[in-house]
């Protein structure tokens with residue numbers, strides 16, 4: 001995705017490595033044992049760390065549209081993450097109209113469509129269209145629907161499955177006045193689940209309902225019982241109007257805390273909430289680490305919290321004043337209960353940081369158990385931006401002067417790599433990296449990164465080179481999208497409104 005416009009500003013390691021990586025992350029057994037990619041950014045900590053090796057990026061196995069009527073020119077739409085079951089069924093959202101969506105399931109090996117599931121969900125109003133964000137737990141697929149309800153489809157690996165609907169405010173209440181809820185209640189984040197199958201998501205109350213629902217955080221437990229709390233009540237700030245759009249809740253490694261951002265349309269807080277009771281544990285105002293002002297929480301962002309294996313929490317925001325940091329924003333960093341503000345990263349705009357075990361970066365000589373991977377774009381013509389767009393591996397526990405604002409200390413750059421393709425609209429500049437959560441392959445010690453030049457790259461962290469590249473499109477300016485590694489090692493990337501399945505020549 002391009003930065004906000006002027007109108008807005010106005011193959012493999014040993015078995016030991018596999019086990020060690022899973023242990024480091026405290027990964028749920030479903031992820032560690034199956035290689036499935038069951039939710040946004042892989043798991044409930046949003047690590048984007050694969051538990052199976054990715055296939056070489058040799059050929060496109062198959063490709064399918066994720067938008068049946070994409071816009072002409074730049075695509076300011078965040079397409080939802082593909083999900084992949086242990087049985088290699090690929091489930092992904094498809095935009096079917098101006099604000100209409102469905103979910104499709106395809107055989108991961110052949111691309112053959114297995115089933116379709118309609119949803120009444122509509123994207124909330126935002127500067128970039130937010131993503132539809134389903135999730136899978138056990139044998140159930142959960143999909144956002146109209147009226148703040150959730151569709152539950154049994155057995156996503158089968159062509160037919162029982163469909164039911166869950167209401168965080170109660171089915172009986174919905175039946176008393178369906179129109180009020182359908183018109184006024186809207187899920188505004190991807191769905192998240194914990195290791196027990198409890199669902200978490202943000203919702204908007206756009207008008208009155210018989211229950212006087214207020215925009216906030218919802219929980220539906222594994223038995224289907226729902227609870228909710230308003231964002232204003234959780235934060236203790238009556239100016240807060242919403243759980244931040246597209247901000248998928250993240251869970252602590254032990255599942256006891258759920259993290260989510262809330263805002264008043266421009267600024268807000270990161271909250272740590274008891275995952276059982278939805279009681280507030282702590283909150284922290286989201287502040288620009290350079291100016292000390294309220295950071296900008298922008299509706300066009302798809303940033304979500306990432307939780308490290310040590311419990312530290314990371315969340316990306318835009319800078320304030322804008323564009324004092326060249327529209328790069330900041331990756332804010334806190335301890336588990338949000339009582340300590342730690343070293344920020346020098347890029348946070350529209351990005352969910354990925355977890356990189358330190359052991360897969362051979363040149364790293366520091367003491368951190370894990371590192372972070374983020375975009376590191378330096379947007380052309382914004383502030384002092386040069387258009388020399390990078391991706392980066394950062395040490396969350398070591399500092400250096402910020403490259404844009406040197407009097408602010410930020411996470412140390414362990415590795416960075418420039419883009420490959422000149423940008424004709426920016427003399428001397430390079431095409432942007434267009435990922436909002438990048439898949440990490442610890443087996444090949446690499447990152448899968450998507451670019452606006454239309455290519456998918458393998459960034460080798462041993463040599464700091466791009467060892468593989470495959471062309472997905474001719475290249476187009478577009479909103480950031482995720483990369484994913486499926487259960488059989490197929491890589492998935494979205495470019496120019498097409499989902500491509502990429503792997504070895506023989507499948």
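The values are calculated or read from the model by the stated rules, or taken from the named source; none is laboratory data. The model shown is predicted, which means the values in this text are computed figures rather than measured ones. Here the Cβ is made from the backbone with ideal geometry for all residues, glycine too, and neighbour counts use every protein chain on show.
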The residue from 413, 400 that alone is assigned to a strand (DSSP E or B), closer than 18 Å to residue 349 by Cα, at pLDDT 95 or above and out of contact with any helix residue (DSSP H, G or I) (no Cβ under 9 Å at 6 or more places or on another chain) is 413
- Would you confirm whether any residue within the stretch 416-439 is in contact with a helix residue (DSSP H, G or I) (Cβ under 9 Å, 6 or more places away or on another chain) and crowded, with 20+ Cβ neighbours inside 10 Å? no
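Out of 159, 189, report the one residue that is part of a loop (DSSP other than H, G, I, E, B) and either in contact with a helix residue (DSSP H, G or I) (Cβ under 7 Å, 6 or more places away or on another chain) or surrounded by fewer than 17 Cβ atoms within 10 Å (Cβ to Cβ) (or both). Explain how you work it out, then say what you get.
Values: 189 fails: either in contact with a helix residue (DSSP H, G or I) (Cβ under 7 Å, 6 or more places away or on another chain) or surrounded by fewer than 17 Cβ atoms within 10 Å (Cβ to Cβ) (or both).
Within the list 159, 189, the selection yields 159.
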Screening 135, 129 for residues that are within 20 Å of residue 97 (Cβ to Cβ) and either under 21 Å from the mean Cα position of the chain (by Cα) or surrounded by fewer than 20 Cβ atoms within 10 Å (Cβ to Cβ) (or both) leaves only 129
Quick check on residue 282: is it over 18 Å from the mean Cα position of the chain (by Cα) and closer than 23 Å to residue 46 by Cβ? yes
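Okay, residues lined up against (1) under 17 Å from residue 74 (Cβ atoms); (2) touching a strand residue (DSSP E or B) at 6+ places or on another chain (Cβ under 8 Å); (3) in a loop (DSSP other than H, G, I, E, B):
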site: 463; (1), (2), (3): no, no, yes
site: 468; (1), (2), (3): no, yes, no
site: 482; (1), (2), (3): no, yes, no
site: 492; (1), (2), (3): no, yes, no
site: 499; (1), (2), (3): no, yes, no
site: 505; (1), (2), (3): no, yes, yes
Note: among 100, 88, 107, just one is over 19 Å from residue 452 (Cα atoms) and surrounded by fewer than 16 Cβ atoms within 10 Å (Cβ to Cβ), namely 107
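Being more than 30 Å from residue 381 (Cα to Cα) and touching a strand residue (DSSP E or B) at 6+ places or on another chain (Cβ under 8 Å), is that true of even one residue in the stretch 314-333? Break it down stepwise before answering.
To start, the set of residues in the stretch 314-333 that are more than 30 Å from residue 381 (Cα to Cα) comprises none.
Within the stretch 314-333, not a single residue is more than 30 Å from residue 381 (Cα to Cα) and touching a strand residue (DSSP E or B) at 6+ places or on another chain (Cβ under 8 Å).
Is at least one residue of the stretch 467-479 under 22 Å from residue 46 (Cβ atoms) and under 22 Å from the mean Cα position of the chain (by Cα)?
Yes, the stretch 467-479 contains a residue that is under 22 Å from residue 46 (Cβ atoms) and under 22 Å from the mean Cα position of the chain (by Cα).
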Just one listed residue, out of 16, 76, is farther than 22 Å from residue 493 by Cα and either modelled with pLDDT of 95 or more or loosely packed, with under 15 Cβ neighbours inside 10 Å (or both), and it is 16
Selection from the stretch 214-240 of residues crowded, with 19+ Cβ neighbours inside 10 Å, outside any strand (DSSP E or B) and touching a helix residue (DSSP H, G or I) at 6+ places or on another chain (Cβ under 8 Å) yields 215, 240
Got at least one residue in the stretch 263-272 being closer than 24 Å to residue 194 by Cα, at pLDDT 95 or above and either part of a loop (DSSP other than H, G, I, E, B) or more than 23 Å from the chain's Cα centre (by Cα) (or both)? no
The residue that is farthest from residue 349 (Cα to Cα), considering only those in the stretch 416-452 that are over 22 Å from the mean Cα position of the chain (by Cα) and assigned to a strand (DSSP E or B), is 422
